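The next block holds one structure in the form of structure tokens; read it before the comments.
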Amino acid sequence: MFISGYAVVAGAAERLVLGYDSFGNICGRKNTPVEGANLSGLDMTNKKYVFFLNSCGLEVQSLEISSLSLCVSSCPQEQLNSLEDLQSFARNNGSFLCVYSLNVSNYTLNPKAAQLCPTLPVPPSKSFPLFNRCVPQNPECYSKYASVLIRMVNEMDVFHRILSGILAGRDTVIGLSVLALAFSLILVLAFRFIQTLLIHTLIALVVFGLLFVSGVLWWLHYDYRNDPSTELETEKENVKFLLGYAIFSTTVTVVLLSLIFVLRKRLRFAVQLFRIVGKIIGRIPFLLFQPLWTFLILIVFWVFWVAVLLSLGTAGTAQSTSGGQVEYRALSGICYMAWYHFVGLIWTSEFILACQQMVIAGAVVTCYFNRNKNNPPPHPVLSAISVLFCYHLGTAAKGSFLITILRIPRIVLLYLYNILNQKKNAKCLFSCCFCWVCCQESCLRCFNQHAYTTTAINGTNFCTSAKDAVCILARNSAKLASISCFGDFLLFLGKVFVVCFTVFGGLMAFNYHRELQAWVVPLLLVGFFAYLMSHSFLSVFEVTADAMFLCFAIDMETNDGTAEKPYFVDQELLTFVSQSNKLTEGQNHRSTRPFQDNEDGTELQPMV
């Protein structure tokens, strides 16, 4: 919260989004005056474009363009050759191209008009989408203007180049996030209502998507690398990151295709599994609305996070200089705050998802340990939410913090890969380490879900629940893994489907806007947001299935099926577990009770 408050107070994100003039006025909004600058504090609501008085002779010094700049309401579409033309343009279009202190009626009368007005002739210009600047269209002026901007962008540090890319592609990022939301909603409805057709269609789409995205990434890397017009540092970074994306995508494609081939015989059990999970969700229909609330909370948080990031990028002090102009001096230590802010993005996003998982697990536990299956308990979702907020927010915070700890090495490995990308041995080491970290994160996610379910059953804290979950999983690991692995794998394929097609849309959209855009980072954010959205929606089925199987394991350990201690499980789930275990172990006769008894045989009741 300290970082957020400091960024909002010290930063001015509008300077990056809207642009500003030489007098400290942000174009497109009302401004507050800066001490010592007489032309600051003006109302620029109708003046949204930045215009340089000497657009054909720009020079850059210390990331600042030497030419005087103004906020104007429109860029001149035709060449202006004299002060009379400037005066006529101002009167006809309401766009004043001379310094604000010079009245339009004095354009041709004031002896200092040559210093206060643009260098003549003024070339025709057009507004550029990056920072709303008027870019000259005259070939000679355009080449000089572009070279100065190239030099300025190349001298920026990585942090500000990333901000530039995010701002330039902000509309595309929002559109792709909506696309990921649509894909996630379609998959949730498909998993709920058309399980049989979905399985084969999903696998075919995922295989196609993986191969297609990998091919597009390799093609784009080849195209960028052999493009003779690649001059910007951001474009060179695009080439490096595209190579990393292509290698990672190809590796994931090979691994997933191998797993699909190995698990192909379990598809009919996957259909039956989702039918059972759908039956449980049918008893608690409000579970399907949980991702919507989670998504809305995530959207609010992401908007807040981006606003703080932009404020951090513009945090600085305004100082007046000779001539009444204003300069912004960046504050030291901002980059370190930005890295802390990135960690906060991961932790808070994972915490929100952990809360959703605990609510789903609590509702499933309450319904599973209910003797009368035809009369489910009232309001299980609301009950789970109240228990979460009253007792177990710390459990969600600890579980999400563990995920964050494993996410940080990913970022470090990507950074090391960027440094060591010329060494083949370093690439191999990076790939192995990255895969290991990803595997550890997946295992930890599964472990956290079981810990959340144990918390919902026993009401214990995270550490105690984690220990109990480890004991249960250790006693029944082979059976539980064989039952749920293919279901989890298909849900993971659903997430891959959403990420693949969202990233593909991003590749196509960003590829058409190469100029001055570090779009690899916005694309990475799009992929991250798409994964979080798909995980948020599909986790309803994932957490329901995992919670159901953990409850089943505990049910088998604490009850014996007699009249005194009957099972809570219904016959359909018991039959499914028995059949799947027969397939796994290759046995034709097997006891209907696949789990061992607990020594004390105490019946475990759900937490309400």
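The values are calculated or read from the model by the stated rules, or taken from the named source; none is laboratory data. As the structure is a prediction and not an experimental result, all values here were calculated from the model. In this analysis, Cβ positions are derived from the backbone assuming ideal geometry, glycine residues included, and neighbour counts consider all displayed protein chains. When the accessible area is computed, the model is the full protein with side chains, heavy atoms only, and any ligands, DNA or RNA have been set aside. Shrake-Rupley method; radii C 1.70, N 1.55, O 1.52, S 1.80 Å.
Do you know which of the residues in region 211-229 that are assigned to a helix (DSSP H, G or I) and either in contact with a Cys (Cβ under 6 Å, 6 or more places away or on another chain) or open to solvent by 50 Å² or more (accessible area, probe 1.4 Å) (or both) is nearest to Leu523 (Cα to Cα)?
Selected residue: Val213.
Quick check, is Pro409 modelled with pLDDT under 90, surrounded by fewer than 14 Cβ atoms within 10 Å (Cβ to Cβ) and not charged (D, E, K, R)?
So Pro409 fails the test.
Which condition does Glu78 not pass, out of (1) assigned to a loop (DSSP other than H, G, I, E, B); (2) under 26 Å from Asn38 (Cα atoms); (3) open to solvent by 30 Å² or more (accessible area, probe 1.4 Å); (4) not polar (S, T, N, Q), if it passes all the others?
Unmet for Glu78, out of (1) assigned to a loop (DSSP other than H, G, I, E, B); (2) under 26 Å from Asn38 (Cα atoms); (3) open to solvent by 30 Å² or more (accessible area, probe 1.4 Å); (4) not polar (S, T, N, Q): (2).
Of the residues in region 522-581, how many are over 27 Å from Val381 (Cα atoms) and open to solvent by 10 Å² or more (accessible area, probe 1.4 Å)?
13
What are the residues in region 84-132 that are free of Cβ contacts under 8 Å to residues at least 12 places away in the same chain and in a loop (DSSP other than H, G, I, E, B), if any?
Asn103, Leu109, Asn110, Pro111, Lys112
Contact list please: Cβ distance under 7 Å, first residue in region 541-557 and in the same structural domain as Cys471 (by the TED database), second residue of a type in the set (D, E, K, R) and outside any helix (DSSP H, G or I), pairs at least six apart or on different chains.
Filtered contacts from region 541-557: Met556/Arg593; Glu557/Asp597.
Please specify each residue of region 112-160 satisfying the condition of being closer than 30 Å to Ser311 by Cα, at pLDDT 55 or above and among the charged types (D, E, K, R).
Lys126, Arg133, Arg151
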